[in-house]
Amino acid sequence: MSNLANHSSLVVPMSLAPGSWKGSSGAVSFPHLTYKSQLHYHTSAILAAVLDTTSLPWRMTSDGTAISQITDSLSAGGRAVAAVGASLPFPMPPDTALLKALHGQGEVEPWTWLTPFCLSTRGKAHMVTLRGIATDRGGTTADAVMRQYLEVRYPSQLNASLVVNSPCKVSSPFPHIFAADISQVGLLSGKQRLPTTGVESVPVMTCLSSASDIGTSLKNLHASAKRFDIRKFHKFVETGLDVDEFREVMDHLECLAENYTERQSGL
């Protein structure tokens, strides 16, 4: 992680697997998915959908944002590691206004975190992407509704958002992992979908965030790595990693974690 942060504009850890980070436990749970965490076919499909949606802002040929602008905003203050969260699928009932659907999430975060130990969006900045939503009822664009929602929900943060009309395609070979209350077109329905009927597309919302909780994640990683005596693992020595170099990496990881404290971030 330390080397990745040194040689990258931004590092975004993401995983669904239990135990992927020492001290974390249990598979990530999504309200409207019934996937099996032991199947790579299922987990890789979820991660691919999240990555495809998260990267839309800098992949779009029009109305996009340069990836350097996004990484610069999220990594300000030495926060070289970001968190990612997703709402897959975004719970959008038919004939419902977008703002009502967003507020329907209540006080809980509107996305599920895929970065270990990240529990909230509290931090400096985040980039939210919502796809599969057209124009809100009443003629107000979904972009305007999303901006309004983020300004009210996260008033002290630097908010950026992108709303894309095209949904995430999840027809075959995407696994059949959606709950029965998700319709064939990906909307939250009061009727149960037949088991033989698949879901063709879904709306998805993702969030890239410089969340302060990443500091806890890095500190847990530092504490776990600190227990290792690399002299007992000859493979490390054979690859050229010596004790002094390992300590330097550990010191850098500890400094990186400190960039997420409220004391330094001023939050």
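The values are calculated or read from the model by the stated rules, or taken from the named source; none is laboratory data. Every value quoted in this text rests on a predicted model; they were computed, and no experiment measured them. No Cβ is skipped: glycine too gets one built from the backbone with ideal geometry, and neighbour counts run over all protein chains shown. These area figures cover heavy atoms from the full protein model, side chains too; ligands, DNA and RNA do not enter into them. Shrake-Rupley method; radii C 1.70, N 1.55, O 1.52, S 1.80 Å.
Here are the numbers:
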{"item": "Within segment 70-118, tally of residues that are buried (at least 24 other Cβ atoms within 10 Å of the Cβ) and of a type in the set (Lys, Arg)", "result": "1"}
{"item": "Checklist (1) open to solvent by less than 90 Å² (accessible area, probe 1.4 Å); (2) within 30 Å of Thr96 (Cβ to Cβ) applied to Glu200, failing item", "result": "(1)"}
{"item": "Any chance Ala134 is among the hydrophobic types (A, V, I, L, M, F, W, C) and open to solvent by 40 Å² or more (accessible area, probe 1.4 Å)", "result": "yes"}
{"item": "Breaking point among (1) among the polar types (S, T, N, Q); (2) over 30 Å from Arg227 (Cα atoms); (3) more than 15 Å from the chain's Cα centre (by Cα), for Thr54", "result": "(3)"}
{"item": "Out of Glu248, Glu254, sole residue that is out of contact with any helix residue (DSSP H, G or I) (no Cβ under 7 Å at 6 or more places or on another chain), outside any loop (DSSP other than H, G, I, E, B) and surrounded by fewer than 17 Cβ atoms within 10 Å (Cβ to Cβ)", "result": "Glu248"}
{"item": "Residue check, Val185 without any contact (Cβ under 8 Å) to a residue 60 or more places away in the chain, β-branched (Val, Ile, Thr), under 19 Å from Pro89 (Cα atoms) and part of a loop (DSSP other than H, G, I, E, B)", "result": "yes"}
{"item": "Top-ranked residue of segment 119-131 - restricted to ones that are at pLDDT below 80 and assigned to a strand (DSSP E or B), ranked as surrounded by the fewest Cβ atoms within 10 Å (Cβ to Cβ)", "result": "Lys124"}
{"item": "One residue from Ile214, Ile177 being within 30 Å of Thr71 (Cβ to Cβ) and either over 24 Å from the mean Cα position of the chain (by Cα) or open to solvent by less than 40 Å² (accessible area, probe 1.4 Å) (or both)", "result": "Ile214"}
{"item": "In segment 82-141, residue nearest to Ala180 (Cα to Cα) [restricted to those that are among the aliphatic types (A, V, I, L, M) and without any contact (Cβ under 8 Å) to a residue 24 or more places away in the chain]", "result": "Ala101"}
{"item": "Output for segment 80-100, where each listed residue is closer than 18 Å to Lys191 by Cβ and in contact with a Pro (Cβ under 8 Å, 6 or more places away or on another chain)", "result": "Pro89, Pro91, Met92"}
{"item": "Residue match in segment 46-58 (condition: in a loop (DSSP other than H, G, I, E, B), surrounded by 17 or more Cβ atoms within 10 Å (Cβ to Cβ) and modelled with pLDDT of 90 or more)", "result": "no"}
{"item": "Cross-chain or 6+ apart pairs with Cβ under 6 Å, segment 244-260 first and of a type in the set (A, V, I, L, M, F, W, C), then modelled with pLDDT of 80 or more and in a helix (DSSP H, G or I)", "result": "Leu253/His222; Leu256/Leu218; Ala257/Gly215; Ala257/Leu218; Ala257/Lys219"}
{"item": "Top-ranked residue in segment 162-173 [being open to solvent by 40 Å² or more (accessible area, probe 1.4 Å) and touching a residue at least 24 places away in the same chain (Cβ under 8 Å); ranked as farthest from His126 (Cα to Cα)]", "result": "Ser172"}
{"item": "Among residues of segment 137-161, those that are assigned to a strand (DSSP E or B) and open to solvent by less than 20 Å² (accessible area, probe 1.4 Å), counted", "result": "0"}
